[in-house]
Amino acid sequence: MTPATRAAEAAGIPFRLLEYTYDPDADAIGLHAAASLGLDPALVFKTLVAVLDSGEMVCAAIPSPARLGLKALAAAASAKWAEMAPPAKAERATGYVVGGISPFGQKKRLRCFLDASALAHPEIVLNGGRRGLQILVSPADAAKALGATVTAISA
């Protein structure tokens, strides 16, 4: 159990856990997870942490092959601009290590934005709160449990 799996359980949403062998040398963690699990990379969402011009930190979940559209994220968050959070700051805010940051069960619950492409799939995969652990869940259930804003944030 991780804080992420406990949070998903507490939210009462159905989910399945998927495990794979994490490779710290992988160029793209999400793409490596997808390949290791034999899944379409578009179904495996990576969790990124950004900082808004106000100083607020937010969480964005986008498909592994995509890039985060910082302007789109800023607009969705009603901010002037957004930039990627330094890894150490993201780890402190979420309570997770890079490669294991989940939108669920964060130490300080960050406002969450889920890329709208998630709704095109019956299930998506999100990080389960540790490297090598993923949560398979319906995008509607994930959005509800996270209180996420579902919007186009991929570049």
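The values are calculated or read from the model by the stated rules, or taken from the named source; none is laboratory data. Nothing here was measured: the structure is a model prediction, and the numbers come from that model. Methodologically, a virtual Cβ is constructed for each residue, glycine included, from the backbone with ideal geometry; neighbour enumeration extends over all protein chains shown. The area values use the complete protein model at the heavy-atom level, side chains included, leaving out ligands, DNA and RNA. Shrake-Rupley method; radii C 1.70, N 1.55, O 1.52, S 1.80 Å.
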Original post:
In this structure, is Ala61 in contact with a strand residue (DSSP E or B) (Cβ under 6 Å, 6 or more places away or on another chain) and without any contact (Cβ under 8 Å) to a residue 60 or more places away in the chain?
Top reply: no
Original post:
How many residues are under 15 Å from Gln106 (Cα atoms), part of a helix (DSSP H, G or I), among the hydrophobic types (A, V, I, L, M, F, W, C) and over 14 Å from the mean Cα position of the chain (by Cα) when one looks only at region 8-48?
Top reply: 1
Subject >> Candidate set from region 109-123 (those that are more than 13 Å from the chain's Cα centre (by Cα) and in contact (Cβ under 8 Å) with a residue 40 or more places away in the chain); member that is nearest to Arg16 (Cα to Cα) >> reply: Glu123
Original post:
Given the structure, is Glu91 touching a strand residue (DSSP E or B) at 6+ places or on another chain (Cβ under 8 Å), open to solvent by 40 Å² or more (accessible area, probe 1.4 Å) and acidic (Asp, Glu)?
Top reply: no
**OP:** Look through region 133-155, keep the residues that are at pLDDT 95 or above and part of a loop (DSSP other than H, G, I, E, B), and return whichever of them is nearest to the chain's Cα centre (by Cα).
**Re:** Ala148
Original post:
Would you say Glu83 is within 20 Å of Leu146 (Cβ to Cβ), modelled with pLDDT of 95 or more and open to solvent by 80 Å² or more (accessible area, probe 1.4 Å)?
Top reply: no
**OP:** Test each condition in (1) open to solvent by 40 Å² or more (accessible area, probe 1.4 Å); (2) farther than 17 Å from Ala152 by Cβ; (3) part of a loop (DSSP other than H, G, I, E, B) for Pro65 and report the one that comes out false.
**Re:** (2)
Subject >> Among (1) in contact with a Leu (Cβ under 7 Å, 6 or more places away or on another chain); (2) under 26 Å from Gly12 (Cα atoms); (3) among the hydrophobic types (A, V, I, L, M, F, W, C) - the single one Leu119 does not satisfy >> reply: (1)
Subject >> Unmet requirement for Thr149, which otherwise passes all of (1) polar (S, T, N, Q); (2) surrounded by fewer than 21 Cβ atoms within 10 Å (Cβ to Cβ); (3) within 23 Å of Thr21 (Cα to Cα) >> reply: (3)
**OP:** Give region 13-26 a look and list any residue that's in contact (Cβ under 8 Å) with a residue 12 or more places away in the chain and over 17 Å from Val125 (Cβ atoms), or say none.
**Re:** Pro24
